[in-house]
Amino acid sequence: MKNVGVIGSGTMGNGIAHVFAQNGYNVHLIDIKQDALDRALQVIAKNFDRQIAKGKISEDVKTDSLNRIETFTNVLTGVAGCDLVVEAATERLDLKKKIFQEVDQAAPEHCILATNTSSISITELAAATKRPEMVIGMHFMNPVPVMKLVEIITGYCTSKEVTDTIEKLSIDIGKVPAMANDYPGFIANRILMPMINEAIYTLFEGAGGVNEIDTVMKLGMAHPMGPLQLADFIGLDVCKAILDVLYTGFGNPKYAPCPLLVNMVNAGKLGVKSGEGFYNWSHGTKELVVSSSFGE
């Protein structure tokens, strides 16, 4: 396996491209807009610079890695010749199914199709292709160049050969694979999202304020980041979407998004990406200021 296609050049896509390129793979980074690809290359270069500043890589590694990344605005052209394609587009089932149908038609027969989805059914995406046995989930954690975990999700039809290949590949690029079966939320979000939702309920019902909730979890439970701050980083719209998947998939009311979360998403208060969520991020990300919406 030498050539890897990455579809989507946002935060996750450029991070995935970064890691594969750094580990010697030729990367085809694909997005519909060239300006998005240009921004992604700038972000990747800055992230390499951070690694250089910390003494983790040399300038030569940066140069060689960037030279291994080629950009494409056409999916069909971009996936040609790829041994693996990792889809990292927006977390929407309709969009991902459309991408998988296109990639299935254009990618070589031996090409494995992976998705970075954090909650959407691998089996359902695989059913949109003519190679369901070669479709698998590779759920990387953000920031991809830093976080060691990759959650590998096998669909109902995913072959053992493909699963073994992706497990070995994950180790080869310096990640620690955790194997999961294709049920709503997989492992990571089935555990994480109810915790975040309960933290939002704790705020919603007045049991504690934003700072208090996050402080308890950081200092009392040794979490590096409080659940409300983490929700802001993930994106409140993404949190709601994953909870909706869990609620729909299991039919259990414990997964229903908190009304406060629903209202915040409807109001466009999405966290870091919009400048305000549980915290005010308009000043940057170094200093936490509780959003004025909560009267603190």
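Taken together, the values in this text are just the output of simple stated rules run on the coordinates, not laboratory data. Owing to the predicted nature of the structure, the values given are computational and were not obtained by experimental measurement. Heads up, the Cβs are rebuilt from the backbone with ideal geometry, glycines too, and the neighbour counts pull from every protein chain shown.
Close amide H partners of H223, meaning residues 5 or more places away or on another chain with modelled amide H under 5 Å apart, are K218.
Loop-located trypsin sites (Lys or Arg not before Pro) in the stretch 116-222 (DSSP state other than H, G, I, E, B) with a sparse environment of at most 15 neighbouring Cβ atoms within 10 Å: K130, K148. Secondary-structure-derived ellipticity at 222 nm for the chain, considering helices only, amounts to -13500 deg cm²/dmol, per-run term -39500 (n - 2.57) for DSSP H runs with n ≥ 4. Counting only DSSP beta bridges whose two residues both lie in the chain, roughly 25 percent are antiparallel. Its alpha carbons give the stretch 101-221 an Rg and a Dmax of 17.9, 56 Å.
Modelled spin-label separation between Q34 and K98, with each label point placed 7 Å from Cα along the Cα-to-Cβ direction: 2.2 nm.
Distant-in-sequence amide contacts of N280, defined by a placed amide H-H separation under 5 Å and a gap of 5 or more residues or a different chain, comprise V289, V290, S291. Among the listed pairs K33/K98; K96/K130; K46/K97; K33/K96; K46/K168; K2/K54, those with a Cα-Cα distance over 21 Å are K46/K97; K46/K168; K2/K54.
Compute the distance in nm between two label points, each set 7 Å from the Cα along the Cα-to-Cβ direction, one at H110 and one at K254. With each label point 7 Å from Cα toward Cβ, the separation is 4.7 nm. Over the stretch 3-181, the reciprocal of the mean inverse Cα-Cα separation, the Kirkwood hydrodynamic radius, stands at 16.0 Å.
Modelled spin labels at Y156 and E133, positioned 7 Å past Cα toward Cβ, are 1.7 nm from each other.
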